[in-house]
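One structure is given below, encoded as structure tokens.
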Amino acid sequence: MAINEDTVKYVAHLARIDLSPKELEKLSHELKEILEFIDRLTKVDIKDIAPTSHILPVNNVLREDNPAASLPSDRALDNAPKRQGSFFAVPKVIE
Amino acid sequence: MDLSKLTAHELTVKIDKGEITPADIVQSLKERIKGADAKNKAYVRIPDALEAQVETGKADSALRGVPVSIKDNICTKGYNTECCSKILCGFKPPYDATVIRKLKEAGATIFPAKTNMDEFAFGSSTENSCYGPTRNPWDPDTVPGGSSGGSASAVASDEAIMALGSDTGGSIRQPASFCGVVGLKPTYGRVSRYGLIAFASSLDQIGPLTKDVRDSAILMNAISGHDPLDSTSVDIAVPDYTRALEGGAKGVKIGIPGEYFAQGLDKEVKAIVEEAINKLRQLGAEDAQVSLPNSQYAIPVYYIVATAEASSNLARFDGVQYGFRKADPKAALIDMYKGTRREGFGDEAKRRIILGTFALSHGYYDAYYLRALKVRTLIKNDFDRVFSEFDCVVTPTSPTVAFKIGEKAADPLAMYLSDICTISANLAGIPAISIPCGFTRKGLPVGLQILAKPFNEELLFRLAYAYEQGTDWHKMKPKL
């Protein structure tokens, strides 16, 4: 399956990464090569094969809903690049 | 006496006799690091770490205060944890990973310097670190492997007694092989991932890098077990792994998969691994040829599954809660995200995030992601079939010895192919160990990989220890 610069540009937008024109060109070329390699998977007969997203026969792990101490907000904010009072500060979202 | 050269089990004997204290070991390591790390670069942020007040474990505990060095993607309360990425620079976790808590409870000393790694564990050479590459102590022009290259190099050069790494596609075993040390990837679910900064959640496991097999068992005793904070960890009793060591190789049924000895395998590596299999035979193991036909698809499956999961896991790095933010007072929120991620992530991280986002995006999901998950089932079925007749599978850990720094840096696909022998174990969720099994004429170490059924680490220890006792490879030290 072909991947071109427009697709990479769109996917980079979905992934919230700015790419310089040079990066875009280089990455498009590299991803094309990697996907050509990955395309060998189209040769495999996967009819009636179930997908494995998790390797162990474990699902719906439940526990009692017991309240426990949570991280104090000051500690959670310690690593914030920018904070305002007890909030993470970000650029204005709504005009 | 230079304590840095000893193993944990040798140090605990000295502590029990009252000859040394945990603080003496830390002091020895610091001196060793001052002498060797300027060249080796196994650790990051060294100056801060060497000045840190180290809280040592107690001498009357299971681990007797022996220091353990920690990869930079495992959260250590109070010590920076940055995944060797600019986007996490300055991050001080407000909590300990479960493995760190367990190590402290077992009486280990958490060594304050963190080990170098490929950014977010994306790589096979430790060249993708924002702190620059680590060297292989056997030849400083070559890579130590990756992504746990700092941990492997530190253990090999006696800059660490023992270390933790993480393994998503071979990131413990391949560097262990390149540096001539013992590296174990546990069964998926054996060790809690709580506090391991996630790369690919269905593949990641934390595991030990050590100077010998006994230390590997000792470290596994300390870190294994169910954790309510990681719902993918499994509630199966943890045996005392050191009791499995003396079982011997007699009667162990070994499968040798032809696919791992085919094209691409270095001739010298092949001969050394075949000699190691011969040794196992002499020790009483019984071997036969087996086939894992879907192994040929392991790398393409991995680079879809792992990048898809990574693209989702790394969405949290957006300049809001921690780490680096691209500050531009005029930027709108979305531009702040995009600018932060452009400057904060290195090339390989961007490549993988974009590949993974592509594989999950509308119109490509069925063709790539879903197809890869189905082929993953076939790879797992291959192992199930072989393990119905055999106790374990033995292969080279890597098709080559350590390559030159820079040799594969410009060719992502060539770098991906260096994981060809290790990736299947992660996709199948099975445990695998790499042990030193010889040296090439140029003096570079070769690793032997043993893989077993899920939750059968004991068999790995049993066979690895039998081999180690019959050889001297683990006693070889690089000249630094």
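Structure values in brief
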| quantity | calculated |
| --- | --- |
| Relative contact order of chain B, defined on C-alpha pairs under 8 angstrom at six or more residues apart (%) | 18 percent |
| Projected label distance in nm at A:Phe37 and A:Val61, using a 7 Å step from Cα toward the beta-carbon | 3.2 nm |
| Residue (of A:Ser70, A:Pro51, A:Ile94) at the positive-pole extreme of chain A, dipole from beta-carbon charges | A:Ser70 |
| Lys, Arg +1 and Asp, Glu -1 on Cβ, resulting dipole of the stretch B:397-480 about Cα centre, debye, nearest 20 | 360 debye |
| Cross-link reach list, aspartates and glutamates versus B:Lys34, counting only Cα pairs under 18 Å and skipping chain neighbours closer than eight places | B:Asp2, B:Asp24, B:Asp48, B:Glu51, B:Asp158, B:Glu159 |
| Top positive-direction residue, dipole computed over the stretch B:95-250 with Cβ charges, set B:Ala160, B:Asn221, B:Gly146 | B:Asn221 |
| Partner chain coverage, peptide B:6-14 - average Cβ within 10 angstrom | 0 |
| Taking only Cα atoms of the stretch B:138-182, radius of gyration then Dmax in Å | 9.2, 26 |
| Distance between modelled label sites at B:Asn381 and B:Asp16, nm, 7 Å Cα→Cβ extension | 5.0 nm |
| Within the stretch B:1-134: Cβ-based charge dipole about Cα centre, in debye rounded to nearest 20 (Lys, Arg +1; Asp, Glu -1) | 80 debye |
| Average other protein chain Cβ within 10 Å of Cβ, residues A:17-25 | 4 |
| The protein assembly as shown, dipole about Cα centre (Lys/Arg Cβ +1, Asp/Glu Cβ -1), debye to the nearest 20 | 580 debye |
| Under the Karplus curve 6.51 cos²θ - 1.76 cosθ + 1.60, θ = phi - 60°, whole-Hz ³J(HN,Hα) for the stretch B:218-229, x wherever Gly or Pro sits | 4, 5, 5, 4, 6, 9, 6, x, 5, 9, x, 7 |
| Peptide A:74-87 - average C-beta neighbours from other chains (10 Å radius) | 3 |
| Chain B - share of DSSP beta bridges that are antiparallel (%, nearest 5) | 70 percent |
| Over 34 Å [Cα-Cα, the protein assembly as shown], rounded percent | 37 percent |
| Ranked by how many other beta carbons lie within 10 Å on average, peptides B:315-327, B:379-391, B:199-211, B:74-86 from highest | B:199-211, B:74-86, B:315-327, B:379-391 |
| 5 Å binning of all Cα-Cα separations within the stretch B:338-480, expressed as whole percents from 0 upward | 2, 8, 12, 14, 16, 15, 13, 10, 6, 3, 1, 0 |
| Charge sum, other residues only, whose C-beta stays under 11 Å from B:Arg32's C-beta, Lys/Arg counted +1 and Asp/Glu -1 | -2 |
| Range of Cα positions in the stretch B:4-95 per principal axis (Å), largest first | 47, 32, 20 |
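Readers should treat all values here as calculations from the given coordinates under stated rules, not as data from a laboratory. If you're wondering where the values come from, they're calculated on a predicted model, not measured in any experiment. Glycine gets a Cβ as well: all are built from the backbone with ideal geometry, and neighbour counts include every protein chain shown.
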